[in-house]
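Single-structure report; data block below.
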Amino acid sequence: METIIVYVTAPNEEEASKLAEALVGERLAGCANIVKGVRSIYNWQGKIEDDAEVLMIMKTQRHLFELLSRRVKELHSYTVPEIIAMPVIEGSVDYLNWLKEVTG
């Protein structure tokens, strides 16, 4: 099993919670952490934006990324949501086994 961490930003904690509940409930992610107080500065449609956001940090299996990504796009309020995956190089065997059990 290849484990990945997926980062998704959202405009507020309420939307992030709804996304997290759906993704974990559908077994596309084993866990989602929501980090408040993220400040994002980015270029959108030729304008520099400076917004408060929340960051979701989700743990899942690599083969689920496309399904998870598609589902985020369906549920997210952003036109182009941030969906970025990074590999997990090492991890607790017990945690990784649990993650395998609770994801699709």
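Computed from the coordinates by the stated procedures, all read-outs in this text should not be read as laboratory data. The shown structure was predicted, so the numbers you read here are calculated from the model rather than taken from an experiment. No Cβ is skipped: glycine too gets one built from the backbone with ideal geometry, and neighbour counts run over all protein chains shown.
First select every other residue whose beta carbon is under 10 angstrom from the beta carbon of ILE41; then total the charges, Lys and Arg +1, Asp and Glu -1. Mind dumping the intermediate values first?
Working: positive: ARG39; negative: GLU49, ASP50, ASP51.
Net charge in that neighbourhood comes out at -2.
Work out the length of the dipole vector of the stretch 37-104 about its Cα centre, built from +1 on the beta-carbon of each Lys and Arg and -1 on the beta-carbon of each Asp and Glu, and round it to the nearest 20 debye. Walk me through the numbers on the way to the answer.
Values: 8 positive and 10 negative charges, 41 e Å.
Roughly 200 debye, rounded to the nearest 20.
When the helices in the chain are scored as -39500 (n - 2.57) per DSSP H run of 4 or longer and the sum is shared across all residues, what 222 nm value do you end up with, to the nearest 500 deg cm²/dmol?
On the way: 3 runs with 34 residues, N = 104.
Calculated at 222 nm, the ellipticity per residue is -10000 deg cm²/dmol.
Contour minus end-to-end for VAL38 and LEU67, with contour as 0.36 nm per residue of separation and end-to-end as the Cα-Cα distance? It would help to have the intermediate numbers written out before the result.
Details: separation 29, 0.36 × 29 = 10.44 nm, distance 2.58 nm.
Once the chain is fully extended between VAL38 and LEU67, it gains 7.9 nm.
Compute the helix-to-body angle for 93-102: its Cα long axis versus the longest principal axis of the chain, expressed 0 to 90° and rounded to tens.
That helix lies at roughly 80 degrees to the long axis.
The list (i) 44, 25, 22; (ii) 71, 36, 21; (iii) 50, 36, 27 gives values of Cα extents along the principal axes in Å, and only one came from this structure; which label was calculated from it?
Calculated Cα extents along the principal axes in Å: the matching label is (i).
Enter the Cα centre distance for the pair the stretch 84-104 and the stretch 30-48, rounded to the nearest angstrom.
The two parts, judged by their Cα centres, are 24 Å apart.
Can you tally the net charge around ASN12? Count Lys and Arg as +1, Asp and Glu as -1, for every other residue whose Cβ sits under 12 Å from the Cβ of ASN12. Please list the in-between numbers first.
Values: positive: LYS18, LYS36; negative: GLU13, GLU14, GLU15, ASP51, GLU53.
Local net charge: -3.
Contact order normalised by length for the chain, with contacts defined as Cα pairs under 8 Å and 6 or more residues apart; what percent is it?
Numbers: 177 pairs, mean separation 43.0, N = 104.
It rounds to 41 percent for the chain.
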